[in-house]
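The values are calculated or read from the model by the stated rules, or taken from the named source; none is laboratory data. This is a predicted model, so every value here is computed, not measured. Here the Cβ positions follow ideal geometry from the backbone for every residue, glycine too, while neighbour counts run over all protein chains shown.
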Amino acid sequence: MIPAAFDYIRAGSAEEALAALAEHGDEAKLLAGGHSLLPLMKLRLSTPAVLVDIGRLDDLSYINDAGDHLAIGALTRHRDLEISEVVQSQAGLLAEATSHVGDPQVRHRGTIGGSIAHGDPASDLPSVMLAMRATLVARGPGGEREIAVDDFFTGFLETALGDDELLTEIRVPKMPDATWGFQKFNRRAQDWAIVGVSAIVDNGNAGVGLVNMDSIPVRAAGVEAALAGGASAADAAEAAAEGTNPPSDLNAGPEYREHLARVLTRRALEAAGR
Amino acid sequence: MEVTVTINGDSHSHDVEPRTLLVHYIRDVVGLTGTNIGCDTSSCGACTIHVNGESVKSCTMLAVQADGQDLLTIEGLADGDVLHPMQESFRQCHALQCGYCTPGMVMAAVSLLDENPDPTEREVRIGLEGNLCRCTGYHNIVKAVLHCAEASS
């Protein structure tokens, strides 16, 4: 399978990438590791006229300790996150979930920014962003702006990023003492989750993000509220599917996904010591 | 667009269409057909090569993305007639049946041991999750990787 023809621009800097986006608007797509975009292009589900390759912007690949949070460059590869000691110690949930993205080959190429900007509800990392209440930093013609993760995912494969904006940094609150659990249910090792759950408890505050339970990555708000009210893990997990609209596909219908969400949320919370 | 890559130590330059996939470039343009195309959807790992020393599925990378990079394919693994230790382990442990997944499986296994030289059986199984064997010959494949790790330690 071969993608439809496109014009290729290799950006030498973030500014060059922004200039290309400004010129080509919604006809352009950014290419980072390519492990979400290229499969869609090969299936001709995505046919951008212009591909702006940002894969060589090494200055957007970093993991910095920034006081109360980790500042992670959008082009940081999954592999680098997975083995990062500072990520393991300050954001263990992120390191663990990242180690379950795709397979080793995918993690050698795929990036955290690419995964999040793709906005796929079946991806693992958006659920971590929701659970840890991350902040996304976008750079555009007017400068930088911060976007709270709860405002970031706006529709199926759609985000709050403008056509002329570039996701540059992911800010994840440091939670060295947090307990957490990550659950991913699939039928084959490398598949997307049929349902997945990221749960973290830090200083008594719980965050729970769901994978593949709606057309966008969603928070299990009912579970978080129940936990805040003192409910046990088992009782709180009963609320996992509340307010969601799970998809139906070859693997599962909505009712089965709702069941999985409750079971996996309970397991994730129990792993988090609740 | 002009692309220059090093493959198995040799430099190659060609003018390619930007949409050319790396695996097609390696097979059809350079003529190294040891790298197979299996599923063509980044699932099976038959097309696994090394880019700058790390395993990558070459069906999910554009040739233009590989410009200036150092690539290793299955043809570059042996030293003349002397097989790479992983190839030798695959032979000794009978880790292939039809052989279609083997080039990708070997390249993935070499990358796995580079990152984790002394893996447990479970770590080998998880580490090869990106490679499918349609003969389901996983038992001996895992044995071969463990054998190679042991022989190298």
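Being on the phi > 0 side of the Ramachandran plot and not hydrophobic (A, V, I, L, M, F, W, C), is that true of even one residue in the range A:233-252?
yes
Cβ-Cβ below 6 Å, separation at least six or inter-chain, first residue in the range B:116-142 and in contact (Cβ under 8 Å) with a residue 40 or more places away in the chain and under 21 Å from residue A:101 (Cα atoms), second part of a loop (DSSP other than H, G, I, E, B) and of a type outside the set (A, V, I, L, M): which pairs?
B:130/A:103; B:130/A:190; B:130/B:45; B:131/B:45; B:132/B:44
Out of the residues in the range B:24-39 meeting the condition of being farther than 17 Å from residue A:31 by Cβ and outside any loop (DSSP other than H, G, I, E, B), tell me which one is nearest to the other protein chains (Cβ to nearest Cβ).
Looking at residues that are farther than 17 Å from residue A:31 by Cβ and outside any loop (DSSP other than H, G, I, E, B), I get B:24.
Among the residues of the range B:40-80, what is the count of those that are facing chain A (nearest Cβ under 10 Å) and part of a loop (DSSP other than H, G, I, E, B)?
So the count comes out to 12.
What strands (runs of 3 or more DSSP E) lie completely within the range A:1-76 and have 2 or more residues being away from chain B (no Cβ under 14 Å) and at pLDDT 95 or above?
Because the criterion is at least 2 residues that are away from chain B (no Cβ under 14 Å) and at pLDDT 95 or above, the strands (runs of 3 or more DSSP E) in the range A:1-76 that meet it are A:63-65, A:69-73.
Among the residues of the range B:106-153, which ones are closer than 24 Å to residue A:191 by Cβ, surrounded by fewer than 18 Cβ atoms within 10 Å (Cβ to Cβ) and away from chain A (no Cβ under 14 Å)?
B:120, B:121, B:135, B:139
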